[in-house]
Amino acid sequence: MKYEIITEGNPILRKKSDTIKNPMDSDVQEFIPDLVKMMLEEDGIGIAAPQVGKSIQMIIVNQKDGPLVLINPKVKSKSMRTEIAEEGCLSVPGIFGLVKRSKKAKVEALDKNGKSVTIKAEGLFARVLLHEIDHLNGILFIDKVIKKTRDTELENNVL
């Protein structure tokens, strides 16, 4: 099936996503390559199912050794130490801003085969995981922006 990135204003992006009851269900398994393809086509470093209009708890994070598929991911712990860095989002095109996030995060999830995994992430990897998991809870990065750094829509509309 062909999916498109949905953008801010679509109510799916503000809804808590449904837990995936059976990760091995054919609908779920057939959706995984579609979501990976969307992320790669859009040059994203991560993507969440709600960003293509599917309100289920699945995220993909692009890594050096290939896409990491996480089903029903839950943040189990985050470091008290934080870092402020620029973020953008496929669902909020043209806007970038500084967001404060934990430097480290521990996430539990199921992999694409339904096996339990625990991921200890830090730096950019932790930031991407936290950003994508926010999508599953109806939160967009613009809700957490300390300061906008770029707004290409505004820049393009200036005479």
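Of the residues making up the stretch 108-121, just one is surrounded by fewer than 19 Cβ atoms within 10 Å (Cβ to Cβ), of a type in the set (D, E, K, R) and in contact (Cβ under 8 Å) with a residue 40 or more places away in the chain, namely 111. Residues in the stretch 8-33 that are in contact with a helix residue (DSSP H, G or I) (Cβ under 8 Å, 6 or more places away or on another chain) and surrounded by fewer than 14 Cβ atoms within 10 Å (Cβ to Cβ): 8, 15, 16, 22.
Whenever a residue of the stretch 62-85 is modelled with pLDDT of 95 or more, its partners that are aliphatic (A, V, I, L, M) and part of a loop (DSSP other than H, G, I, E, B), lying with C-beta atoms within less than 8 angstrom and at least six residues away or across chains, give the pairs 62/45; 71/20; 72/20.
Restricting attention to the stretch 43-58, the residues that are under 19 Å from residue 127 (Cα atoms) and outside any helix (DSSP H, G or I) total 8.
Taking the condition of a type in the set (Ser, Thr, Tyr) and without any contact (Cβ under 8 Å) to a residue 24 or more places away in the chain, does residue 91 pass? Judged against the criteria, residue 91 is not a match.
Of all the criteria given as (1) closer than 23 Å to residue 144 by Cα; (2) within 13 Å of the chain's Cα centre (by Cα); (3) surrounded by 16 or more Cβ atoms within 10 Å (Cβ to Cβ), the one not satisfied by residue 105 is (2).
Scanning the stretch 1-40 for residues that are within 12 Å of residue 56 (Cα to Cα), touching a residue at least 40 places away in the same chain (Cβ under 8 Å) and touching a Ser or Thr at 6+ places or on another chain (Cβ under 7 Å) turns up 12, 13, 15, 17. Going through (1) surrounded by 14 or more Cβ atoms within 10 Å (Cβ to Cβ); (2) more than 25 Å from residue 5 (Cβ to Cβ) one by one, residue 142 falls short only on (2).
Screening the stretch 22-68 for residues that are under 14 Å from residue 128 (Cβ atoms) and among the aliphatic types (A, V, I, L, M) and picking the one that is farthest from the chain's Cα centre (by Cα) gives 68.
The values are calculated or read from the model by the stated rules, or taken from the named source; none is laboratory data. Small disclaimer: the values here were computed from a predicted structure and weren't measured. We place every Cβ from the backbone using ideal geometry, glycine too, and count neighbours over all the protein chains shown.
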